[in-house]
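Following: one structure in structure tokens, then a few remarks.
What follows draws every value from the coordinates through simple rules; no lab data is involved. Everything numeric in this text was worked out from a predicted model, so none of it was measured. Cβ coordinates were reconstructed from backbone atoms using ideal geometry, including for glycine residues, and neighbour counts include every protein chain displayed.
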């Protein structure tokens with residue numbers, strides 16, 4: 001998993017840290033290599049940082065969806081037994097029961113890639129290839145009328161997708177957000 | 001039930017209408033005078049069988065008495081087992097610390113079975129040095145101990161419903177628990193990695209099958225966040241994050257990532273599924289409140305409560321739990337007349353910040369139907385709102401962060417039922 005780095009490299013660092021730290025600890029963190037980090041870092045930021053190589057289209061995504069997703073999320077994302085993924089646009093305001101789906105509620109398209117890759121399918125998370133995740137992301141965006149039938153989704157195009165509900169989130173916490 | 005020195009004598013003994021008694025009552029001493037009528041003699045006292053034969057031998061890990069078999073979590077497993085929650089039976093507990101086996105649980109794809117020797121914590125991103133920590137390494141860091149409640153952002157969500165949902169304290173409010181946590185201050189580890197000046201957020205990720213992740217403000221991470229290794233003195237339980245969890249005192253439980261394996265320092269939030277599609281508060285105008293982190297001041301009456309009926313008129317103790325994710329509980333007021341008058345309850349010392357606080361007040365029930373409710377005020381001056389105020393501000397579809405005043409109706413029969421006040 002993680003490789004140990006020679007102490008020769010760590011020693012000068014330790015001196016710097018010891019002079020800087022007042023209430024610090026024993027400095028027992030081991031340096032992580034770029035390869036170590038790449039193996040674990042599966043976070044995708046809303047501006048697209050972290051997206052891997054690969055791509056997929058709605059048509060390719062339909063195959064992935066039927067095989068891995070439909071049993072929990074229904075035909076074409078209609079939901080049941082688990083979350084509905086498609087529809088609901090226009091249902092958020094007012095006192096009616098809101099239909100919160102990827103299309104009606106999710107503010108960033110990058111979140112679909114991030115979440116599907118790390119958590120789905122429930123019985124075998126992290127089993128899909130990057131191409132498959134891109135494809136199923138494209139399929140969900142297309143079912144929600146957000147991209148066209150032939151639009152390919154990749155690291156360039158995904159962060160440029162504007163989600164319908166993106167401007168309806170107000171940060172309660174006052175700190176830098178996108 | 002409390003034992004009191006004498007029955008209330010005059011108006012000065014009452015703290016509010018409806019029979020709530022002044023806090024001064026507790027200060028008196030003496031012998032209970034039996035003023036509510038001469039009781040019949042107790043049943044004859046005999047030598048019980050457990051005194052006439054040896055008891056059981058020692059055990060390697062203790063369990064509650066077999067007579068306490070009802071004191072258990074209730075479990076909700078929706079469509080997929082391991083994606084639901086279990087709830088703390090506060091109506092069967094007292095004090096403020098939740099036993100480890102009864103701490104509420106919430107997970108998104110089951111509880112992982114983590115071998116601590118194979119577990120690593122990675123800190124990377126906008127730092128000078130990306131670092132990996134083993135459990136053995138963390139064990140050598142300076143530790144601190146603090147008490148903190150953890151409340152699920154969705155606790156009490158049923159109270160957003162238009163009509164009161166029938167349920168007891170556990171069903172309605174059981175997604176909050178309190179423990180003594182011991183671990184390493186996160187700021188020590190982040191300082192060791194060396195923060196980039198433009199760093200603002202920390203993405204925390206778990207080693208479970210959901211790889212649950214949330215963005216945490218760096219300011220919180222550097223303030224009172226902890227990498228918790230111990231829960232009430234023993235290693236954190238598997239369902240609460242073994243071998244380590246992120247503790248963010250006062251913040252919604254979902255952010256206090258269990259099975260912590262990775263912290264990525266960033267300039268902006270990652271916008272994970274659980275901070276966008278979930279844990280955001282949809283209001284009636286169609287806008288949603290996002291990054292609503294602290295659990296605001298709240299209180300619940302645990303005794304009496306549904307399932308704990310009153311046994312006829314007389315003297316009772318009204319007790320409950322109060323907390324604030326923004327600081328200490330400064331005051332809890334209790335009303336026994338539907339909110340017309342309020343009396344301050346006694347707070348059990350020590351009152352600790354971002355921890356559960358036990359409150360108690362004596363109550364002379366006259367046997368008539370009424371409503372009990374409690375209202376917490378924290379040391380920032382925040383007053384627990386009425387349900388009407390909360391619904392007016394947020395609508396009834398917010399799902400998360402319900403913290404308004406709740407009511408228990410007391411029927412003349414002594415039965416207790418959830419009502420809106």
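Scanning the range A:115-138 for residues being outside any loop (DSSP other than H, G, I, E, B) and out of contact with any strand residue (DSSP E or B) (no Cβ under 8 Å at 6 or more places or on another chain) gives a total of 5.
Quick one: would you say residue B:357 is more than 21 Å from residue B:167 (Cβ to Cβ) and either touching a residue at least 60 places away in the same chain (Cβ under 8 Å) or crowded, with 16+ Cβ neighbours inside 10 Å (or both)?
Numbers: more than 21 Å from residue B:167 (Cβ to Cβ): yes; either touching a residue at least 60 places away in the same chain (Cβ under 8 Å) or crowded, with 16+ Cβ neighbours inside 10 Å (or both): yes.
Here the answer is yes, as residue B:357 does meet what is asked.
Scoring residue A:136 on the criteria (1) more than 13 Å from every other protein chain (Cβ to nearest Cβ); (2) within 27 Å of residue B:216 (Cβ to Cβ); (3) buried (at least 23 other Cβ atoms within 10 Å of the Cβ) leaves a single failure, condition (2). For the criterion of being assigned to a helix (DSSP H, G or I) and away from chain A (no Cβ under 14 Å), residue B:380 fails. Only a single criterion out of (1) part of a strand (DSSP E or B); (2) in contact with a helix residue (DSSP H, G or I) (Cβ under 8 Å, 6 or more places away or on another chain); (3) at the interface with chain A (Cβ under 7 Å from one of its Cβ atoms) is not satisfied by residue B:261, namely (3). Looking across the range B:273-294 at every residue that is in a loop (DSSP other than H, G, I, E, B) and more than 7 Å from chain A (Cβ to nearest Cβ), the one that is nearest to residue B:394 (Cα to Cα) is identified as B:283.
Here is a yes/no grid of residues against (1) facing another protein chain (nearest Cβ under 8 Å); (2) touching a residue at least 40 places away in the same chain (Cβ under 8 Å); (3) in contact with a strand residue (DSSP E or B) (Cβ under 6 Å, 6 or more places away or on another chain); (4) under 15 Å from residue A:103 (Cα atoms):
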| residue | (1), (2), (3), (4) |
| --- | --- |
| A:143 | no, yes, no, yes |
| A:146 | no, yes, no, yes |
| A:151 | no, yes, no, no |
| A:154 | no, yes, yes, no |
| A:161 | no, yes, no, yes |
| A:173 | yes, no, no, no |
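Can you pull out every residue in the range B:233-258 that is within 22 Å of residue B:328 (Cα to Cα) and under 15 Å from the mean Cα position of the chain (by Cα)?
The first filter runs over the range B:233-258 and keeps only residues within 22 Å of residue B:328 (Cα to Cα), leaving B:246-256.
B:247, B:248, B:249, B:250, B:251, B:252, B:253, B:254, B:256, listed by residue number.
Can you confirm whether residue B:132 is touching a residue at least 24 places away in the same chain (Cβ under 8 Å) and within 28 Å of residue A:124 (Cβ to Cβ)?
Values: touching a residue at least 24 places away in the same chain (Cβ under 8 Å): no; within 28 Å of residue A:124 (Cβ to Cβ): yes.
No, not satisfied.
So, in the range A:36-84, of the ones that are within 11 Å of another protein chain (Cβ to nearest Cβ) and assigned to a helix (DSSP H, G or I), which residue ends up surrounded by the most Cβ atoms within 10 Å (Cβ to Cβ)? If we take residues in the range A:36-84 being within 11 Å of another protein chain (Cβ to nearest Cβ) and assigned to a helix (DSSP H, G or I), then A:73 is surrounded by the most Cβ atoms within 10 Å (Cβ to Cβ).
Annotation note: of B:228, B:211, the sole residue that is in contact with a strand residue (DSSP E or B) (Cβ under 8 Å, 6 or more places away or on another chain), within 11 Å of chain A (Cβ to nearest Cβ) and buried (at least 24 other Cβ atoms within 10 Å of the Cβ) is B:211.
Just to check your reading of the model, which residue among B:286, B:327, B:339 is free of Cβ contacts under 8 Å to residues at least 12 places away in the same chain and surrounded by fewer than 24 Cβ atoms within 10 Å (Cβ to Cβ)? Give the steps one after another, and end with the answer.
Values: B:327 fails: free of Cβ contacts under 8 Å to residues at least 12 places away in the same chain; B:339 fails: free of Cβ contacts under 8 Å to residues at least 12 places away in the same chain.
On inspection, the qualifying residue turns out to be B:286.
A count restricted to the range B:231-244 and to residues that are surrounded by 22 or more Cβ atoms within 10 Å (Cβ to Cβ) and within 16 Å of residue B:209 (Cβ to Cβ) stands at 1.
Condition check: without any contact (Cβ under 8 Å) to a residue 12 or more places away in the chain and either under 30 Å from residue B:146 (Cβ atoms) or not in a strand (DSSP E or B) (or both). Does residue B:349 satisfy that?
yes
Sort through B:202, B:257, B:216 and tell me the only one that's surrounded by 22 or more Cβ atoms within 10 Å (Cβ to Cβ) and without any contact (Cβ under 8 Å) to a residue 40 or more places away in the chain. Every option except B:216 fails the conditions.
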